[in-house]
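The values are calculated or read from the model by the stated rules, or taken from the named source; none is laboratory data. These numbers were taken from a predicted model, which means no experiment stands behind them. Counting neighbours? That spans all protein chains shown, and the Cβs are built from the backbone with ideal geometry, glycine included. Each accessible area value is taken on the protein alone, full model and side chains, heavy atoms only, with ligands, DNA and RNA left out. Shrake-Rupley method; radii C 1.70, N 1.55, O 1.52, S 1.80 Å.
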Amino acid sequence: LANRVLITGPTGGVGYFACQLAKAMGAHVSALVRREVKSDLLAGIGVDEIIVSPEGSGLDRYQPFQAIIDGVGGPVLGKLIQRLGSGGRAVIYGVSAGPETTLAIRDLFASDGRVEGLFLYREVERHPASDGLSRLMTLLADGRLKVHVDIDESWEMIGPTSAKLIDRAFQGKAVLRL
């Protein structure tokens, strides 16, 4: 239990890095995805367990997690909190599935866990963004962190690329060149 981490939104920018950073720290990483199609991308960075469930059902089949990193929010979040182990910690940084959830407070009491929000703009008031970015750039330069770029196009393709982004029609990042 001590090193079990569950990450939602694992093919997005933050989630993809979170999976790799957790693996680098020795964690057993489970990734919750909405569609099976994203499994190969995650297997390529060493994710130990890929859970396919658009609404987070079936999570009770898995052992509790010591850490949960959630970029999805919405109805799934309440189910995630039920899987937070004793003394565990959940960090919520996004709400791509919606800003509201149903949460049974007893699940927090039972787990003795901690839930906190990570709001980037508040964080950069405490620590300059350049600190974290320089650490990430060092990991990228050393080959210890990967970025998945699915689209590499001219800036003139901003319209179609934006539409694909909104429709979640690609995995990873898009690079538009000037």
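Data table
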| quantity | calculated |
| --- | --- |
| Cα-based helix-to-principal-axis angle, 129-141 vs the chain, degrees rounded to 10 | 70 |
| Accessible surface, per residue, of the chain when the full set of protein chains is kept, probe 1.4 Å, Å² | 59 |
| Stokes-Einstein translational diffusion, segment 63-122 - Kirkwood Rh over all Cα pairs, 1.306 mPa s, 10 °C, in µm²/s | 140 |
| Which label in [x] 15.3; [y] 11.1; [z] 9.8 gives the computed mean projected area of the Cα convex hull in nm² | [y] |
| Largest-first ordering by accessible area, 1.4 Å probe, given options F119, F109 | F109, F119 |
| Portion, in percent, of the accessible area of segment 88-178 that falls on carbon or sulfur, probe 1.4 Å | 57 |
| Efficiency of FRET between D60 and L139 - r from beta-carbon atoms, R0 30 angstrom, step 0.05 | 0.30 |
| Whole-angstrom gap from segment 124-172 to segment 65-91, using each part's C-alpha centre | 25 |
